[in-house]
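Data first, discussion second: the structure below is written as structure tokens.
Bear in mind these aren't lab numbers, they're just calculated from the coordinates by the rules spelled out. Quick caveat: nothing in here was measured; it's all calculated off a predicted structure. Cβ: placed from backbone, ideal geometry, glycine included. Neighbour counts: every protein chain shown.
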Amino acid sequence: MNPIIEPIGRPVVLGEGPFWDPDSQSLYFVDVFGYSINRYDTKTKEQFSAKVEGYCTIIIKVDGQKNKFVITEKNKLKLITWDGISDSIELSETLMIVGNPDEELLLNDGKVDSQGRLWIGSLSPQIEPSSFQFEHGKGFLYMINKSESFTVQKPNVTVANGLAWNPSDDKFYYIDSMKLTVDVYDYDNKTGKLSNEKIAFDLRGNEIDGYADGMTMDVEGKLWIAMFGIAKVIRVDPANGKVLSSIKFPSLQITSVCFGGPNYDELYVTSGNMNQTSEQLVKYPLTGSCFRVTNLGVKGVPNLAVKL
């Protein structure tokens, strides 16, 4: 593998939640602290942005509904209408408050399973505002049942991040960044039940620094993990817990990944630019950029639209 890395679009503060839309051949993503949703058109190489009201971590298409998306706003799931061009959202309505409304836990990474259900995790409260130091184990992983209700699939989460299902749809992989592992579960795709938790990948056991953030899966059943704080995406074999390869980026805070392109053989990578020193900005000149990676020699599993 000799990957080719290309920055795309405008740099952002904290890029997250990449979602590939095959219909428009566009990458959707959010800027969490720029308070915007974004679309990068790979055909015209234009980036379009619209402002959102608050802390937003995902933008996912609604299945069968043109210009409809589910986004987050703090602890809420919202249904929006956006044409992907305008600098403002046309319509916005709250679908539900996720979790205990009195706790107001921030929602974080989310992804849709093969049944069209949204899975999304929450963050534990920060010990001090803007400290990025979190209380231990007070967040959750939820499964949303067609915007009607939610169930707690996993309690005791600190920093909810990457999610992935294997190609045969009987294993679920999950990242709680503070655990420094990727965990794997047996998965019942009809009910969503998780069981038999094990460690699929141990970061420090593989001498990997930084924190695992977003994650995706390729058709060979290998995990692609965004490594926050070490400027890398790593490819991992969950069968033996070993690193197969890594890709280095000119941006330190790599946040998330998804496959896209006409053949799903391109990797799209988001990154952040938070509290960087002048020395770090010199060393990582494209901090906060999104990237397209080609020449990977493998295809990825598509991300899916949510069914409401």
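All of (1) surrounded by 20 or more Cβ atoms within 10 Å (Cβ to Cβ); (2) among the polar types (S, T, N, Q); (3) in contact (Cβ under 8 Å) with a residue 40 or more places away in the chain hold for residue 124 with one exception: (3).
Take the conditions (1) farther than 18 Å from residue 141 by Cα; (2) without any contact (Cβ under 8 Å) to a residue 24 or more places away in the chain; (3) in contact with an Asp or Glu (Cβ under 9 Å, 6 or more places away or on another chain); residue 239 misses just one of them, which is (3).
When region 71-89 is examined, which residues are found to be part of a strand (DSSP E or B) and within 27 Å of residue 153 (Cβ to Cβ)? First the steps, then the outcome.
Step one: list which residues in region 71-89 are part of a strand (DSSP E or B), which gives 71-73, 76-81.
Of everything in region 71-89, those that are part of a strand (DSSP E or B) and within 27 Å of residue 153 (Cβ to Cβ) turn out to be 71, 72, 73, 76, 77, 78, 79, 80.
Among the candidates 251, 256, 245, which residue alone is surrounded by fewer than 21 Cβ atoms within 10 Å (Cβ to Cβ) and closer than 29 Å to residue 202 by Cβ?
From the options 251, 256, 245, the qualifying one is 245.
Only residues that are over 30 Å from residue 150 (Cα atoms) and either aromatic (Phe, Trp, Tyr) or surrounded by fewer than 19 Cβ atoms within 10 Å (Cβ to Cβ) (or both): list them for region 287-308, please. Hits for region 287-308 are 291, 294, 295, 297, 298, 299. Go through region 55-70 and give me each residue that's closer than 30 Å to residue 155 by Cα and exposed (fewer than 14 other Cβ atoms within 10 Å of the Cβ). The one that is closer than 30 Å to residue 155 by Cα and exposed (fewer than 14 other Cβ atoms within 10 Å of the Cβ): 63. Is region 90-97 home to any residue that is among the hydroxyl-bearing types (Ser, Thr, Tyr) and either on the phi > 0 side of the Ramachandran plot or not in a loop (DSSP other than H, G, I, E, B) (or both)? Checking region 90-97: at least one residue is among the hydroxyl-bearing types (Ser, Thr, Tyr) and either on the phi > 0 side of the Ramachandran plot or not in a loop (DSSP other than H, G, I, E, B) (or both).
Which of the residues spanning region 169-187 are outside any strand (DSSP E or B) and in contact with a strand residue (DSSP E or B) (Cβ under 8 Å, 6 or more places away or on another chain)?
Step one: of region 169-187, the residues outside any strand (DSSP E or B) are 169-170, 177-180.
Scanning region 169-187 gives 169, 170, 177, 178, 180.
Scanning region 139-159 turns up at least one residue that is in contact (Cβ under 8 Å) with a residue 12 or more places away in the chain and in contact with a helix residue (DSSP H, G or I) (Cβ under 6 Å, 6 or more places away or on another chain).
The rows are residues; the columns are (1) without any contact (Cβ under 8 Å) to a residue 60 or more places away in the chain; (2) over 24 Å from residue 298 (Cα atoms).
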{"residue": "188", "(1), (2)": "yes, yes"}
{"residue": "193", "(1), (2)": "yes, yes"}
{"residue": "217", "(1), (2)": "no, no"}
{"residue": "220", "(1), (2)": "no, no"}
{"residue": "235", "(1), (2)": "yes, no"}
{"residue": "245", "(1), (2)": "no, no"}
{"residue": "251", "(1), (2)": "yes, no"}
{"residue": "259", "(1), (2)": "no, no"}
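Where strands (runs of 3 or more DSSP E) sit wholly within region 12-70, those with at least 1 residues that are touching a residue at least 40 places away in the same chain (Cβ under 8 Å) and under 18 Å from the mean Cα position of the chain (by Cα) occupy 15-21, 26-31, 36-41, 59-61. Residue pairs whose Cβ atoms lie under 7 Å apart, sitting 6 or more positions apart in sequence or on different chains, and linking a residue in region 265-279 that is closer than 14 Å to residue 9 by Cα to a partner that is buried (at least 18 other Cβ atoms within 10 Å of the Cβ) and basic (Lys, Arg), are 268/292.
Output yes when any residue across region 106-124 is assigned to a loop (DSSP other than H, G, I, E, B), more than 15 Å from residue 58 (Cβ to Cβ) and among the charged types (D, E, K, R), and no when none is. No: zero hits.
Annotation note: of 176, 202, 218, 209, the sole residue that is within 20 Å of residue 244 (Cβ to Cβ) and either crowded, with 17+ Cβ neighbours inside 10 Å or touching a Gly at 6+ places or on another chain (Cβ under 6 Å) (or both) is 218.
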